[in-house]
Every structure is written in structure tokens, then in C-alpha cells.
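**Student:** Here it is: the structure, laid out below.
The values are calculated or read from the model by the stated rules, or taken from the named source; none is laboratory data. Only a predicted model underlies this, so the values are computations on that prediction, with no experimental measurement involved. Here the Cβ is made from the backbone with ideal geometry for all residues, glycine too, and neighbour counts use every protein chain on show. When the accessible area is computed, the model is the full protein with side chains, heavy atoms only, and any ligands, DNA or RNA have been set aside. Shrake-Rupley method; radii C 1.70, N 1.55, O 1.52, S 1.80 Å.
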Amino acid sequence: MISILVAGAIALLVGLFGTPALIRVLRTHGYAQAIRDVNEGYPDHDAKRGTPSMGGAVIILAVLLGYFASHFVAYFLLHSHRSAPSASGLLVLGLMSGLGFVGFLDDYIKISKQRSLGLRSGEKLAGQTLVAVVFAVLALQFPNSKHRTPASTYVSFVRDTPVNLAFAGSLVGLILFVIWANIMIAGTSNGVNLTDGLDGLATGASVMVFAAYVLIGIWQGNQNCQITPGLKCYEVRDSRDLAVVAAAAMGACFGFLWWNASPAKIFMGDTGSLALGGALAGLAITTRTELLVVILGGLFVTITLSVIIQVGSFKMTGKRVFRMAPLQHHFELLGWNEVTIVIRFWIIAGLFVALGLGLFYAEWVVGAQ
């Protein structure tokens, strides 16, 4: 528990005090977001022109410093035998950092060329896919003394289900798992990316989902099959360390939100949104809650669906369902104030998180009876 608190606190402080330092650096070098022209339909966004972007870099740094600082404290001050970073924790951090780097390249091209589009869609997808494949392959390696790997070829909801992707052999199982992991990682990273359209919206929603994974990691750690075997124990390799990762991500987002809330002094950019989405997918895969993340991140799913519906409707019928997609911009065009939209979407995000945690706990209670 001390490691979780330290990780969250250090990441919070780095996010809180590191963000204004990054703002000064970005302003000095003229690294500001290129805002799409207001004539394209975004009301009142011209005032955001010149706001520094790539703020996700400080989020990634804060998460990494928070995580490794917690292990430093555990080893040198608490002399904990669980002080070494785990394979699961390092893999999630690697996935987050790798996708953050892809996002950084995208942001840098946007800023250096002062245009709203960075990497070509194919280049961006190739980068995301490469990072996701490396993560997926490695996640099935590194068995511990109990022969448990960070991930499983079983599709999971609140724990592994009977659906095994390795039904036809190890190689086929690996290929199917890589495809499944790619779908998850692409879905979450692009979902957070699409949500990051209003000041503080994606950051605040991410705080809530990461908070849920702190609780899930702690609960799984207390009911882990490697420690307390039982009928309803959890087959998760490094549940406590994954709670540390989630706490660091939550703290980093909290600190960044201070500066990202309306009116935003800095945007996270694709650097942050892809990284946070990757961290969520990594946590879902390694905590064996792959389908549960669809509920926990219900706001991200809803906003992504709004884009799919809009594009699909226009291609099939030539008509648009929403005034503009993603969904938050539809409400902007209806005349809603930006802060009102963000707060109400935060409420929706909180309700999805509460529902997801309720299902997670209900499954354990029902099964334990």
C-alpha cells in the first residue's frame, strides 16, 4: 500500500510542477497546437490557437518517475522483498511509452509544419501496430515461479473466461492473441484520442478509470491465487504492482489536469492521449479485465461510437446523425458551454466507472457464496 501511495504522490507532484516548466519550454520554442480553422465548424476554438501542445510528455515522465520512485522507497526504506519492478508493470509502462512516442512524432509534425494533421493515417497505424505487437508477444513470456505470465490467451471479463484463443495450438493462439491485443490497444488509444477535444475532458475521465484500476489491483492482490488460493481467487501475475502503475497514472493525470482544465494552458496532444489509452489497454490485459474496460471506459467507447455512426451514416445515406463528431462537438454546436459539456461528460464517465466496479465486485460476491 505504501508503494501505491508513493507512486501516486510522486506522479502528482511531477505532473503539477513539471507541467508549467514544460509550458515555458514549449512557448520558448514556439511549439503550439495548430487548431483547425473555425470555419470547419468548431465554435470558439480559435482562442486556443497558440496553446502549447505535447503536454503528454510530462504525463509519461510523471508516471515513470512515480513508478520507479515507489520501488526505490520500497527497497531502500522499507526493505520490501517485493521491491523489484515486475514484468507486468514494465510491459504496461513500455506500451504506454511506445504509443506516447508515436503520438509525439504525430504532434511534432503538426507543430513544426503548423497544420492540423501530423503522421499519415497509415504511418500512425503502423507505429501503433508495431508497439502493440511487441507488447502482446512479450506479455505471454516471463513466467514466474508459479508459471504465470503477465497476460493470458483466455479472453477475460472480470477474470479469464472459458474462451481460449490458443484452442488450435500455441502458434495459432499467439497470433490470435496478438490480433486481439491489437484491437484492444487500437480501440483504447484512439478512444482517448477522440475524447481529447475539450479542455480537461480526456484527462479527467482518465483519472477515474485509472482510479478504478488502483482498486482492482489492490483487490486482486488481496485475493490472489499465489497468496490466498481459493475458489474465487484471481490468476493475475503482478496485481499489486499493476495497482502501483495505475496509481502513478492517476496521479500524473491529476497533476496535469490542474493546467489542462478550462481554459487549458497546455494540451496533452497525441503524445498523451495515445499513451494513456495504451496504459488502459495494458492494465486491462494484464489484470485479466479485457472486456470490463469497455464498461470502465464507457465514455471513451461512447465517443468512439459517435464517430463510427457518423461516418457510417454519411457513407451509406449521405446524411449525418450528429451535427459534428466526436460527440462532444455535437453539443458545442447545440450551444452548450464547453465547461458544461466537460463536467457532464465527467459525470457520465464516473457512472460508467461505478457500473464497472460494481460488476467486478458483484461477480466475486456471487461466486463466493
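**Student:** How high is the FRET efficiency between residue 222 and residue 340 when r is their beta carbon distance and R₀ equals 35 Å, given to the nearest 0.05?
**Tutor:** On the way: r = 40 Å, r/R0 = 1.14.
FRET efficiency, residue 222 to residue 340: 0.30.
**Student:** Given a Förster distance of 35 angstrom, what is the FRET efficiency for residue 258 paired with residue 314, based on the Cβ-Cβ distance and rounded to 0.05?
**Tutor:** Details: r = 38 Å, r/R0 = 1.10.
Step by step, r from the Cβ atoms, then E = 0.35.
**Student:** Here's something else I'd like to know. Between rounded, prolate and oblate, where does the range 208-251 land on the alpha carbon gyration tensor, with a ≥ b ≥ c its root eigenvalues, rounded for a/c under 1.5, else prolate if a/b exceeds b/c? Before the final figure, lay out each step's value.
**Tutor:** Numbers: a/c = 3.63, a/b = 2.33, b/c = 1.56.
Prolate, since a/c reaches 1.5 and a/b exceeds b/c.
**Student:** What does the net charge come to around residue 141 if you take all other residues with beta carbon closer than 14 Å to its beta carbon, with K and R at +1 and D and E at -1?
**Tutor:** On the way: positive: 148, 237; negative: 238.
Cβ neighbours under 14 Å give a net charge of +1.
**Student:** Okay, moving on. Let me have the relative contact order for the chain, percent, based on Cα pairs under 8 Å that are six or more residues apart. Please list the in-between numbers first.
**Tutor:** Details: 678 pairs, mean separation 95.8, N = 369.
Contact order relative to length: 26 percent.
**Student:** For the range 51-207, what does the alpha-carbon gyration tensor say about shape, rounded, prolate or oblate, given a ≥ b ≥ c as the root eigenvalues, a/c under 1.5 as rounded, and a/b over b/c as prolate?
**Tutor:** On the way: a/c = 2.19, a/b = 1.24, b/c = 1.77.
Since a/c reaches 1.5 but b/c is at least a/b, the shape of the range 51-207 is classed as oblate.
**Student:** Still on this model: At 1.4 Å probe size, with every protein chain present, just tell me what the per residue accessible area of the chain comes to in Å². Intermediate results must be reported in sequence, preceding the final value.
**Tutor:** Numbers: 16300 Å² over 369 residues.
Each residue of the chain exposes 44 Å² on average to a 1.4 Å probe.
**Student:** While we're looking at this one, here's another question. Return the unpartnered cysteines for the chain, using a Cβ-Cβ cut-off of under 4.7 Å.
**Tutor:** By the Cβ distance rule, which asks for a partner under 4.7 Å, the isolated cysteines are 253.
**Student:** Something else: Probe radius 1.4 Å, ligands and nucleic acids ignored: give me the carbon and sulfur share of the accessible area of the range 240-294 as a rounded percent.
**Tutor:** Values: 860 of 1110 Å².
On the range 240-294, the fraction of accessible area on carbon and sulfur atoms equals 77 percent.
**Student:** Output the peptides 6-12, 336-342, 323-329 sorted from most to least packed, where packing is the average of other Cβ atoms within 10 Å over each peptide's residues. Walk me through the intermediate numbers first.
**Tutor:** Working: 6-12: 25.0, 336-342: 16.3, 323-329: 20.9.
Going by the mean number of other Cβ atoms within 10 Å, highest first, we get 6-12, 323-329, 336-342.
**Student:** Using helices alone, I'd like the mean residue ellipticity at 222 nm for the chain: each DSSP H run of four-plus residues gives -39500 (n - 2.57), total over residue count, nearest 500. Please report the intermediate quantities before stating the final value.
**Tutor:** Numbers: 12 runs with 246 residues, N = 369.
So the calculated ellipticity at 222 nm is -23000 deg cm²/dmol.
**Student:** Let me ask another. Given axes a ≥ b ≥ c from the Cα gyration tensor, I'd like to know whether the range 306-360 is rounded (a/c under 1.5), prolate (a/b larger than b/c) or oblate.
**Tutor:** Numbers: a/c = 5.12, a/b = 1.49, b/c = 3.44.
Judged from the Cα gyration tensor, the range 306-360 comes out oblate (a/c at least 1.5, b/c at or above a/b).
**Student:** Quick one: dipole size for the chain, taken about the Cα centre, charges +1 on Lys/Arg Cβ and -1 on Asp/Glu Cβ, in debye to the nearest 20. Walk me through the numbers before you get to the answer.
**Tutor:** Working: 24 positive and 18 negative charges, 39 e Å.
Result for the chain is approximately 180 debye, rounded to the nearest 20.
**Student:** Would you mind putting 188-200, 349-361 in packing order, based on average other-beta-carbon counts within 10 Å, highest first? Display every interim value, and only then the final one.
**Tutor:** Working: 188-200: 25.5, 349-361: 17.8.
Ranked from most to least packed, the peptides come out as 188-200, 349-361.
**Student:** Give the residues of the range 250-287 whose amide nitrogen is closer than 11 Å to a point set 7 Å from the Cα of residue 307 in the direction of its Cβ.
**Tutor:** Answer for this model: 274.
**Student:** Amide H to amide H, which residues 5 or more places from residue 224 or on other chains are under 5 Å from it, using H placed in the peptide plane?
**Tutor:** For residue 224, the qualifying residues are 234.
**Student:** Can you give the FRET efficiency for residue 172 and residue 146, using 1/(1 + (r/R0)^6), R0 = 30 Å, r = Cβ-Cβ distance, to the nearest 0.05? Spell out each step's value before the answer.
**Tutor:** On the way: r = 25 Å, r/R0 = 0.84.
The value I calculate is 0.75.
**Student:** While we're looking at this one, here's another question. Hey, rough spin-label estimate for residue 161 and residue 112, points 7 angstrom out along Cα→Cβ, what's it come to in nanometres?
**Tutor:** Taking the two extended label points, one gets 4.4 nm.
**Student:** Sticking with this structure for a sec: Between [x] 79, 55, 47; [y] 62, 58, 40; [z] 61, 52, 37, which matches Cα extents along the principal axes in Å calculated for the structure shown?
**Tutor:** Answer label, from the structure shown: [z].
**Student:** Here's a follow-up. If Lys and Arg each add +1 and Asp and Glu each add -1, what is the summed charge of the other residues whose beta carbon sits under 9 Å from the beta carbon of residue 103?
**Tutor:** Working: positive: 124; negative: 106, 107, 270.
Taking every other residue near residue 103 into account, the sum is -2.
**Student:** State which entries of 146/232; 113/315; 124/315; 48/319; 113/265; 124/319 exceed 25 angstrom in Cα-Cα distance in the structure shown.
**Tutor:** Working: 146/232 17 Å; 113/315 31 Å; 124/315 23 Å; 48/319 30 Å; 113/265 21 Å; 124/319 29 Å.
Correct reply: 113/315; 48/319; 124/319.
**Student:** Convert each backbone phi in the range 313-319 into a coupling constant with the Karplus relation 6.51 cos²θ - 1.76 cosθ + 1.60 (shift: θ = phi - 60°), then list the ³J(HN,Hα) values in order as whole Hz, x for Gly and Pro.
**Tutor:** These are the phi-based 3J(HN,Hα) values: 4, 5, 5, 8, 10, x, 10 Hz.
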